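Note sheet for the following structure.
The values are calculated or read from the model by the stated rules, or taken from the named source; none is laboratory data. All figures in this text were calculated on a predicted structure; none of them were measured in a lab. Ideal geometry is used to build each Cβ from the backbone, glycine not excepted, and the neighbour counts take in all protein chains shown.
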Amino acid sequence: MTSRKETPPGQVRCGWCGTLEDYCHYHDNEWGFPVADDRRLFEKLCLEGFQAGLSWLTILRKREAFRKAFANFDIEKLARFGERDIQRLLGDAGIVRHRGKIEAAINNAQRARELLETESSLAAYFWRFEPDPASRPKVLTPEVLRTLATSPESVALSKDLKKRGWRFVGPTTMYALMQAIGLVNDHQDGCWTREQALRARKAFKVPK
């Protein structure tokens, strides 16, 4: 039976997470909170790529299997994966067995390794695409949030990554990543986690 989580008394959450324990935990503790750790950031990027065309709940429930299968998303280790590893992953029922997405994760680890030859960290690179707060919607209602599939920054990030040879990094996927790592705070107005994420961003030191 699926575990369900009650909303704290007198509080509301973003409508997308419903009451499922998996979604609520992710919503309350990760989504919209700033990320500076390169391994965590790279994991989130890869998982957003695997999510394309699927439910995020599917990915969340497979996350531990993904970590085990993909060397805990260690960039150096994953960049060395070859055809034998691809075949192993295609036979792993715990993950999403899509050759294109598997090959993209390995390719992106190789491209990340290249990027780190000129950047101090992946985080420093990605945080350059944080939008100006003044450009963000003044009110985040569920109706407004449904219109936010991309942004000028996610388009620019996607374009730059593709130019560098990254895969499965379209503007919509990159906007979802920006939401996931706190480059944007898309918790709706009235959500009890929104203020927590805002405080976390104020205390966050942007990587240089």
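Among the residues making up the stretch 150-187, those that are part of a helix (DSSP H, G or I) and of a type in the set (Lys, Arg) are LYS159, LYS162, LYS163.
Just one of (1) touching a helix residue (DSSP H, G or I) at 6+ places or on another chain (Cβ under 6 Å); (2) surrounded by fewer than 17 Cβ atoms within 10 Å (Cβ to Cβ); (3) closer than 18 Å to TRP31 by Cβ fails for THR141. It is (1).
In contact (Cβ under 8 Å) with a residue 12 or more places away in the chain, surrounded by fewer than 19 Cβ atoms within 10 Å (Cβ to Cβ) and not polar (S, T, N, Q): does that describe GLY190? Taking the combined requirement at face value, the residue satisfies it.
Each residue in the stretch 110-139 was checked for being under 26 Å from GLU43 (Cβ atoms), touching a residue at least 40 places away in the same chain (Cβ under 8 Å), of a type outside the set (D, E, K, R) and assigned to a loop (DSSP other than H, G, I, E, B), and 4 of them qualify.
Of note, THR147 does not satisfy the criterion of being modelled with pLDDT of 95 or more and outside any helix (DSSP H, G or I). Every condition in (1) within 28 Å of LEU116 (Cβ to Cβ); (2) touching a helix residue (DSSP H, G or I) at 6+ places or on another chain (Cβ under 7 Å); (3) not small (Gly, Ala, Ser) holds for HIS187 except the one numbered (1).
Only residues that are loosely packed, with under 10 Cβ neighbours inside 10 Å and closer than 16 Å to SER158 by Cβ were counted in the stretch 114-137, giving 0. Taken over the stretch 188-208, the criterion of being among the charged types (D, E, K, R) and either part of a helix (DSSP H, G or I) or within 19 Å of THR141 (Cβ to Cβ) (or both) is satisfied by ASP189, ARG194, GLU195, ARG199, ARG201, LYS202.
Note on the stretch 103-139: residues that are at pLDDT below 95 and within 19 Å of PHE70 (Cβ to Cβ) amount to 0. Pairs are defined by a Cβ separation below 7 Å, a sequence spacing of at least 6 or placement on different chains, a first member in the stretch 84-105 that is surrounded by 17 or more Cβ atoms within 10 Å (Cβ to Cβ), and a second member that is at pLDDT below 95 and of a type in the set (A, V, I, L, M, F, W, C); the pairs so defined are VAL96/LEU54.
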